Amino acid sequence: MEKLRPVQMFDLEYFFELSPDLLCIAGFDGFFKKINPAVSQTLGFSTEELFSRPINTFVHPEDQEMTRQKRQNIKNNVPLLNFENRYLSKAGEIVWLSWTSMPIKRDKVVFAIAKDITYKKRLEELWRVSAILGSSSLPKGQTPEEIDPSTPNQYWLKAFEQAVRKNVGLTDLTLNVLSSELAVSERVLFRRVQALSGLTPNRLVRAIRLQMAWDAINTGKYRTVSEISAIAGFKTPAYFSKTFQEIYGVNALDLLKS
């Protein structure tokens, strides 16, 4: 009988250092004990900065209490699976992370791995808006939820979209202009948009303009970012490019060249 070969030992430090996911070891005291480069790269803080403060101080203020409660459960030997919360990067931007964490009570530490799901969360916002507006201007392979376009609310939101498109030349599209177009007060406009879409009017305007940009790119008629920026009503090509990249996760210029 052939003898079984001994199991080869591997240096897992390479895996720890090279993993694109955020890997960390945290103490029961609430401080990072070890992190891989992805943590610093994602949040924008140096390793020294991340070690110097309690972990919860990097969490978005609205998610700190929820995160504290989950961390307490971990200390009570309850594993954390697919827990989503928001962090704030050093630049002040929101970073969505999905965590899986396992406690090691003997050593009073937590082994945790997180995936950056910011892009997914931003797309979900556009999916929701697209579903509300009945738009088909989503990346290929993505389908918004089925909606009933015959309801009064859908008609009203469609009128809002038409007002945005009609005034696309106004880079500073104010609530005053939109409320005049829709024959309602600014206060009613704000409340209705937020109630129906879950977004502020300004964010809804931005989403509609991004959809206009995506549609324009898909026609294949345009070759420059400046053209798309003007068509969609953004203040500058630079601002448009940055916003488009943040929401769709792809460079507009790359799409125009493809």
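The values are calculated or read from the model by the stated rules, or taken from the named source; none is laboratory data. For clarity, every value in this text was computed on a predicted model and none was experimentally measured. Every residue, glycine as well, gets a Cβ built from its backbone with ideal geometry; the counts of neighbours run over all protein chains shown. Protein only, heavy atoms only, side chains kept; ligands, DNA and RNA dropped before computing areas. Shrake-Rupley method; radii C 1.70, N 1.55, O 1.52, S 1.80 Å.
Which aspartates and glutamates does Lys108 reach when only Cα atoms under 18 Å apart count, and residues fewer than 8 places away in its own chain are ignored?
Hits, sequence-local ones excluded: Asp29.
Extending each Cα 7 Å along its Cβ direction at Lys90 and Thr219, get the distance between those two points in nm, one decimal.
Using points 7 Å along Cα→Cβ, the separation is 4.3 nm.
Determine the calculated [θ] at 222 nm for the chain from helices alone, applying -39500 (n - 2.57) to every DSSP H run no shorter than 4 residues and normalising by the residue count; nearest 500 deg cm²/dmol. Mind showing how you got there, number by number?
Working: 12 runs with 128 residues, N = 258.
So the helix-based figure for the chain works out to -15000 deg cm²/dmol.
For the chain, calculate the relative contact order in percent as a whole number, restricting contacts to Cα pairs under 8 Å that are 6 or more residues apart.
On the way: 333 pairs, mean separation 31.1, N = 258.
Taking the mean separation of contacting Cα pairs over the length of the chain, I get 12 percent.
Please label the shape of segment 1-121 as rounded, prolate or oblate, based on the square roots a ≥ b ≥ c of the eigenvalues of the alpha-carbon gyration tensor (a/c under 1.5 means rounded; beyond that, a/b larger than b/c means prolate, else oblate).
Details: a/c = 2.02, a/b = 1.59, b/c = 1.27.
Prolate.
Ignoring ligands, DNA and RNA, what percent of the accessible area of the chain is carbon or sulfur (1.4 Å)?
On the way: 8380 of 15270 Å².
With neighbouring chains kept in place, the figure for the chain is 55 percent.
With every protein chain left in place, what is the accessible area per residue of the chain in square angstrom, probe 1.4 Å? If you can, show how the numbers build up before the last one.
Numbers: 15270 Å² over 258 residues.
Accessible surface, normalised per residue, equals 59 Å².
Which peptide among 28-37, 157-166, 14-23 comes first, and what is the full order, when sorted by highest mean count of other Cβ atoms within 10 Å?
Numbers: 28-37: 15.9, 157-166: 17.7, 14-23: 14.0.
Ranked by mean Cβ neighbours within 10 Å, highest first: 157-166, 28-37, 14-23.
Over the Cα atoms of the chain, each weighted equally, I'd like the Debye log10 I(q)/I(0) at q = 0.07, 0.09, 0.17 Å⁻¹, rounded to two decimals.
Evaluating at q = 0.07, 0.09, 0.17 Å⁻¹ gives log10 I(q)/I(0) of -0.36, -0.57, -1.22.
How do the peptides 223-236, 100-113 rank, highest first, by the average count of neighbouring beta carbon atoms within 10 Å per residue? Each step should come with its number before you reach the end.
Details: 223-236: 17.6, 100-113: 15.9.
Most protected by this proxy first, the peptides run 223-236, 100-113.
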